[in-house]
1. So which pairs qualify, if the first residue must be in the stretch 142-153 and assigned to a loop (DSSP other than H, G, I, E, B), the second must be surrounded by 10 or more Cβ atoms within 10 Å (Cβ to Cβ) and hydroxyl-bearing (S, T, Y), the Cβ gap must be under 7 Å, and the two must be at least 6 apart or on different chains?
2. What pairs come up if the first residue lies in the stretch 97-116 and is under 16 Å from T81 (Cβ atoms), the second is small (G, A, S) and outside any strand (DSSP E or B), and their beta carbons are under 9 Å apart, counting only those six or more places apart or on different chains?
3. Does the stretch 1-38 hold any residues that are among the small types (G, A, S), outside any loop (DSSP other than H, G, I, E, B) and under 19 Å from A101 (Cα atoms), and which are they?
4. Name every residue in the stretch 108-141 that is of a type outside the set (V, I, T), surrounded by 15 or more Cβ atoms within 10 Å (Cβ to Cβ) and assigned to a helix (DSSP H, G or I), in order of residue number.
5. If you scan the stretch 61-82, which residues turn out to be touching a Gly at 6+ places or on another chain (Cβ under 6 Å) and over 17 Å from A18 (Cβ atoms)?
6. Which residue is nearest to G29 (Cα to Cα), if the candidates are limited to the stretch 108-131 and must be in contact with a Leu (Cβ under 9 Å, 6 or more places away or on another chain) and of a type in the set (F, W, Y)?
Amino acid sequence: MKIREASRDDANAVGALAQDFANYLRSLGDPTNFQFNAKTFLRDGFGDKSAFKGLVAEVNGEIVGYLLYHSGYYVDLAMRTLHVVDLYVRPDCRRQGVGQALMKRACEICAKSGGKRLFWSVYSPNRDAFRFYERLGARYTEDLKFMYLTLGD
């Protein structure tokens, strides 16, 4: 298995995996109208003002998982952070260390930039994800809720 930075050439593979992830979340009841695909990966993941960076996991030269992230800052504790915005591993490649390797690399990237904590969200019905993250030693908080404002259309 190889973990590397995502490149523009990975757009189709990441887009296909993102579609698989969206279908999985829909099967759990997520009503989101998922918009992320190869085109948005290219549009928002590269260039001077990229919104995120990515990692891909390859097994035998085939991309089987990805992790997208961006830098952040936790004001209360005055620390740099890394926000994992998406992590997906193909079902037939799970329980083989792929997700763990992607998270390990994300931790390394965070630490290298002076960060001390990773943050991410998990769709509540996704019990498999909760179990995976708990096996990594992650903890969750019930006292914070994500909030948002929609701007424009």
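1. F146/S121
2. So the pair list comes out as M103/A138.
3. The answer is A13, A18.
4. Within the stretch 108-141, C110, A129, F130, F132, Y133 qualify.
5. Listed by number, the residues that qualify are R80, T81, L82.
6. Once the filter is applied, the top-ranked residue is Y123.
Since every read-out is calculated from the coordinates, none of them should be taken as a lab result. Because the structure is a prediction, the values reported are computed rather than measured. So basically every Cβ, Gly included, is an ideal-geometry build from the backbone, and we count neighbours across all protein chains shown.
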